[in-house]
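Encoded as structure tokens, the structure appears first; notes follow it.
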Amino acid sequence: MNWKRAFYTTAAIGAPFIALLAFGMTRDPRSIPSPLPGRPAPVFDRAVFAPGADSLLRLTVGDTVRLAAHRGQVVVVNFWASWCLACRDEHLDLSQVASQFAGKGVKFYGLLYNDQEENGTRWIADMGGQAYPALSDPGARTAIDYGLYGVPETFVIDQRGVVAHKYIGPVRADSMSRLLDSLLTATPTPADTPVRRALPTPGATP
Amino acid sequence: MRTTIAGLRGAALVAVGGLCLALTLGAYRVSHAQAAGSAASAAAALDTGATSWTAPQGIVVPALGVDTLLDKRAAAVSSRLRCPVCQGESIQDSPAELSSQMRTLVREQLVAGRTDAQIYEYFVQKYGQWILLEPKAEGINLLVYWLPVFFLVAGAAGIWIVVKKWTRPQLSSQHNAEIVNDSLTE
């Protein structure tokens, strides 16, 4: 047997596959890459079922929250459910950051995902309250609009109405604070250019 | 001379391997460029709000079994969409609540007059191409379509070469001895 030849053959056939498999190992098969960051946030009109404890964020039960009316403001949309264990981990962090940034014009909303409003209200009471209002999402329409595949997921929408960041899993206060600070200090681009220029169309003239 | 030929063969094999790797990486880069391009054009085309689906006023979605044509179309579309909370299942086959809600959305959009392509595009905008059980034949996805063909051809060629080698008439040892003797006597 010509060992040299066998080595070259194996290397030539094997190397691309090993490279491909190595690339595959860098990816989490359970994560679904979201196309939303950098693109306009899907708008929603959703009713409030829990008012929120912070005086600056509080709304009346039954009010409708319209995302389209929040242009010029940073909005945080958190999808949660009373049956979600990981939502317990982030609850205190989110409430703290919401209160901390309420005076700076940042709005926080919790959208209930595939759950009963009564369960959501009871859960908020059990957790010692929630700084920001909770909204219902019948039929998970807004959840699907946001490409949700589990809870908790949190979307941060900038002043132009563009999704700036998506958190998958529990949010930590320090990470969220840093992001909100950077969004508030960044100079907002004019409203007529709502999409980042980081996504150029191939062949398009600049 | 034999060493040179073996070296050339080795080099050729390494070149083929390198080409495969380059194609793989090239396809990956192309797919990323396309994704970025399509995201930019889609984002430019869609005003805020256009990415949300709201059922038109007064729309009535028939219950299952009432409109068999609609049921068939909805089932066909739903069969090609991946359930986000399952493992390798379509929303048509999945009993998950989210899948049921997505099926309702598909029916609603069909009744509203949207085409199959528009419905797929809606879900792709939300979940990316991951949501399609059958990936689009573009970019790195082309590997899925062409690699099996490549291996089929390469495998057939390999078998042909091996079989040809096996069936090549072998020189008898007596004949070999004659050749050696002839060369020695020369």
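The values are calculated or read from the model by the stated rules, or taken from the named source; none is laboratory data. Nothing here was measured: the structure is a model prediction, and the numbers come from that model. Here the Cβ positions follow ideal geometry from the backbone for every residue, glycine too, while neighbour counts run over all protein chains shown.
Filtering segment B:89-133 to residues that are within 13 Å of chain A (Cβ to nearest Cβ), among the β-branched types (V, I, T) and free of Cβ contacts under 8 Å to residues at least 12 places away in the same chain leaves only B:V124.
Restricting attention to segment B:44-54, does a residue exist that is at pLDDT below 95, within 11 Å of chain A (Cβ to nearest Cβ), on the phi > 0 side of the Ramachandran plot and part of a loop (DSSP other than H, G, I, E, B)? There is at least one residue in segment B:44-54 that is at pLDDT below 95, within 11 Å of chain A (Cβ to nearest Cβ), on the phi > 0 side of the Ramachandran plot and part of a loop (DSSP other than H, G, I, E, B).
Considering the conditions (1) assigned to a loop (DSSP other than H, G, I, E, B); (2) under 30 Å from A:R66 (Cβ atoms); (3) touching a helix residue (DSSP H, G or I) at 6+ places or on another chain (Cβ under 6 Å), B:Q92 is excluded by exactly one of them, (2). B:S78 meets all of the listed conditions (1) in contact with a Phe, Trp or Tyr (Cβ under 8 Å, 6 or more places away or on another chain); (2) within 14 Å of chain A (Cβ to nearest Cβ); (3) under 30 Å from A:V43 (Cβ atoms) but one, namely (1).
Every residue, every condition in (1) modelled with pLDDT under 90; (2) not in a helix (DSSP H, G or I), yes or no:
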position	(1), (2)
B:L98	no, no
B:L105	no, no
B:G113	no, yes
B:E121	no, no
B:P135	yes, yes
B:V149	no, no
B:G158	no, no
B:P169	yes, yes
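Number of residues in segment A:44-64 that are within 14 Å of chain B (Cβ to nearest Cβ) and either without any contact (Cβ under 8 Å) to a residue 60 or more places away in the chain or part of a strand (DSSP E or B) (or both): the value is 3.
Answer yes if at least one residue in segment A:113-122 is touching a Leu at 6+ places or on another chain (Cβ under 7 Å), under 20 Å from A:L59 (Cα atoms), away from chain B (no Cβ under 14 Å) and of a type outside the set (A, V, I, L, M, F, W, C), and no otherwise. Yes - at least one qualifying residue is present in segment A:113-122.
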